[in-house]
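Below you'll find the structure, written out as structure tokens, and then a few comments.
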Amino acid sequence: MSTSVPFVDLSIVVPAYNEEHRLAPTLARLSAFLSTLPMRSEIVVVDDGSRDATCAVVEAAMAHTPNLRLVRQTPNRGKGAAVRLGMREARGQIRVMSDADGSMPPEQLPRLLAPILSCKADIAIGSRYAPGARTDVKQPWYRVVWSRLANRVIQRSLVPGVRDTQCGFKAFTAEAARALFSVGRIDGWAFDLEILALARRTGFAIAEVGVEWTDDRRSRVNPLKDMWKVVREAMTIRRNLKRGVYRQLPVAT
């Protein structure tokens, strides 16, 4: 096990489900970049009930990666549940969620963190469509259509004005993370939509940051199946908001 650190500036939460092939290079690159920052940091990998060697990959990396931690969630519950657990387990004053595929290079962290470090926002979300966003790999047409359709539904119903709610690269102050992830309920694809909708309703300031990113052709997104999941979960979030399910959510200070 890695040495416990009582105070951490920055936590990176990486949800992982059956990621034995993609996770190791992501952790190596992330750790190398974090070592160049003037911040005390940690990486928290949340295994979401993987059936492959994901946990073994993390445990092997812990032998040579400072402040890497493994948190296990069983059985498999979904990305939303994994991120919630990771955000609660994290110790950083800033807590970042980042996907296991490494589609968002760690070199983009300073851009993502800038609005929070300058006290202009409580939450910073990486965006593939905001000014400054770039990619050197063209996404398959079906992923572009899926992303745009999902975001169209989402913008009109829950988080108007946000160009990209589904990018897996978001940063939260510790206060925002504790407040929002302690009451979130969505376990699947739309969990970050729920978190952003709750943030809007409680007064946490959100900044959207254009980032450089790469497309992983091994993505597990199923355009038709997962689009309906997002729509269904979005409807659940709207219903929960109308029914006052999130009454215990504190107001941002």
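What the table shows:
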| read-out | value |
| --- | --- |
| Neighbour-count ranking [beta-carbon atoms within 10 angstrom, fewest first] of K79, K229, K120, K242 | K242, K120, K229, K79 |
| Note, ³J(HN,Hα) from phi for the stretch 41-47, Karplus 6.51, -1.76, 1.60, rounded to Hz, x at Gly and Pro | 9, 8, 10, 10, 8, 9, 7 |
| For R247, R200, order by how many other beta-carbon atoms lie within 10 Å, fewest first | R247, R200 |
| S127, S157, S50 arranged by Cβ crowding within 10 Å, fewest neighbours leading | S157, S50, S127 |
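Coordinate-derived values only; no laboratory data. Bear in mind the structure is a predicted one, so any value in this text is a computation, not a measurement. No Cβ is skipped: glycine too gets one built from the backbone with ideal geometry, and neighbour counts run over all protein chains shown.
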